[in-house]
Amino acid sequence: MTTGLFTHEDCTRHDMGDWHPESPARLAAIMDYLKASGLLSELEEHEAVHVSREALARAHPERYLAALDKLHPPEGLSWADPDTALNIYTLDAAARAAGGVVAAVKAVLSGKLANAFCAVRPPGHHAEYAQAMGFCFYNNVAVGVHEALASGLERIAVVDFDVHHGNGTVDIFKDEPRVLVCSSFQHPFYPHRAHDVDRPNIVNTPLPEGTRGLQFRQRVEADWLKKLDAHAPQMVFVSAGFDGHARDPLGGFELHEADYRWVTELIADVAARHAGGRIVSVLEGGYDLDALARSVDAHVQVLREADRL
């Protein structure tokens, strides 16, 4: 078995304007760097397929999906919130993003792949049960988790290391004890919601602006490890946000590629102990193109090394 890479050109057609940091260039930078580093040749590439309405409806109510359909513009942009817009291709890209995660889940559960990384956009972890926000429309990880639950898994973990809190994932799973959600994030900071949700299956790790690698590592290890081991997940999902990098224009952390490698190793160790190594990682934030590409390369390199164990 090997590591799968799920992506699709349609994910680059969602475009909110040249000024917007969540741009098609993010995927191009990642793919170009993976190719230049040689890592791409070691991965099994898959096209992200369109998600089914049934799969979306496990994570989002039909009224919300219908509202997004209604927002879909015939031309130009239609705004879901002040920084989250749809163009004519957005819902197609979002369907590919969520569908790529579902396909990755199926491939990993079937044993065809050891683990997978989904280089998709738009991102998803801010999309709540019935609210688009923070550049997100469908909650890609939540759709994938529901696919795994529907397959019969009883314990799943979501690990979110974006600089912004994974409010959408918390909102969707806060009352679902089968899903443990661990989220590290800058606080106080966008999205200013769900960071105070108090549930046994929600582990929030707020960190101050200026957080460096050592502080990040110490807090993540202290907050997450016992909870993850006690939950003993049968599959681990990663909301992989790289906007905590020191060079990122939207965040205030001081992390580097080595920190992303470290947190991925921690996740891979948990997955090896409890989940047969089964990991599905999904791209979230990261807006300095060079820092994003290098950080993704470090992250995926650990996944590739884990599948050889």
Report summary line: For the chain, the charge dipole (Cβ of Lys, Arg +1; Cβ of Asp, Glu -1; about the Cα centre) points to a positive end, and the Cα of Pro82, Leu207, Leu250 closest to that extreme belongs to Leu207
Query raised in the report: How much length is gained on full extension from Leu225 to Arg58, taking 0.36 nm per residue of separation minus their Cα-Cα distance?
Result: 57.3 nm
Report summary line: Sorting Ser52, Ala94, Leu68 by the position of each Cα along the dipole of the chain (Lys, Arg +1; Asp, Glu -1; all at Cβ), the one nearest the positive end of that ordering is Ser52
Query raised in the report: What is the chain by shape, rounded, prolate or oblate, if you read a ≥ b ≥ c off the alpha carbon gyration tensor as root eigenvalues and call it rounded for a/c under 1.5, prolate for a/b larger than b/c, and oblate otherwise?
Result: rounded
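Considering only the other residues whose Cβ falls under 12 Å of the Cβ of Gln234, what net charge follows from Lys and Arg at +1 and Asp and Glu at -1?
On the way: positive: Arg155, Arg178, Arg273, Arg278; negative: Glu154.
Overall, the nearby charge balance is +3.
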**Report entry** Charged-residue dipole, Cβ positions (Lys, Arg, Asp, Glu), segment 3-306 about Cα centre, Debye nearest 20
**Finding:** 800
Report summary line: Looks like segment 1-125, by Cα gyration tensor root eigenvalues a ≥ b ≥ c and the a/c under 1.5 rounded cutoff (else prolate when a/b is bigger than b/c, oblate otherwise), is oblate
Query raised in the report: Between their Cα atoms, which of Lys70/Lys227; Lys70/Lys174; Lys35/Lys174 are more than 30 Å away from each other?
Result: Lys70/Lys227; Lys35/Lys174
Requested in this report: Would you work out the relative contact order for segment 1-159, in percent, from Cα pairs under 8 angstrom that are 6 or more residues apart?
Outcome: 31
**Report entry** Normalised contact order of segment 3-306, rounded percent, pairs of Cα under 8 Å and 6 or more residues apart
**Finding:** 20
Query raised in the report: Spin-label point model (7 Å from Cα, Cβ direction): what's the Thr2 to Glu209 distance in nm?
Result: 4.5
**Report entry** Total charge dipole magnitude, segment 132-213, about the Cα centre, Cβ charges on Lys, Arg, Asp, Glu only, Debye to nearest 20
**Finding:** 100
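Roughly how many debye, to the nearest 20, is the charge dipole of segment 185-243 about its Cα centre, given +1 on each Lys and Arg Cβ, -1 on each Asp and Glu Cβ, and no other charges?
On the way: 7 positive and 7 negative charges, 16 e Å.
So the dipole magnitude of segment 185-243 works out to roughly 80 debye.
At 0.36 nm per residue, minus the direct Cα-Cα distance, what do Glu265 and Ser78 gain on full extension? Give it in nm, one decimal, please. The partial results should precede the final answer.
Numbers: separation 187, 0.36 × 187 = 67.32 nm, distance 4.02 nm.
63.3 nm is the gain from fully extending Glu265 to Ser78.
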Query - C-alpha center-to-center spacing [segment 51-117, segment 218-283] in angstrom - result: 23
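Taken together, the values in this text are just the output of simple stated rules run on the coordinates, not laboratory data. This structure is a prediction, so every number in the text was calculated from the model and none was measured. Methodologically, a virtual Cβ is constructed for each residue, glycine included, from the backbone with ideal geometry; neighbour enumeration extends over all protein chains shown.
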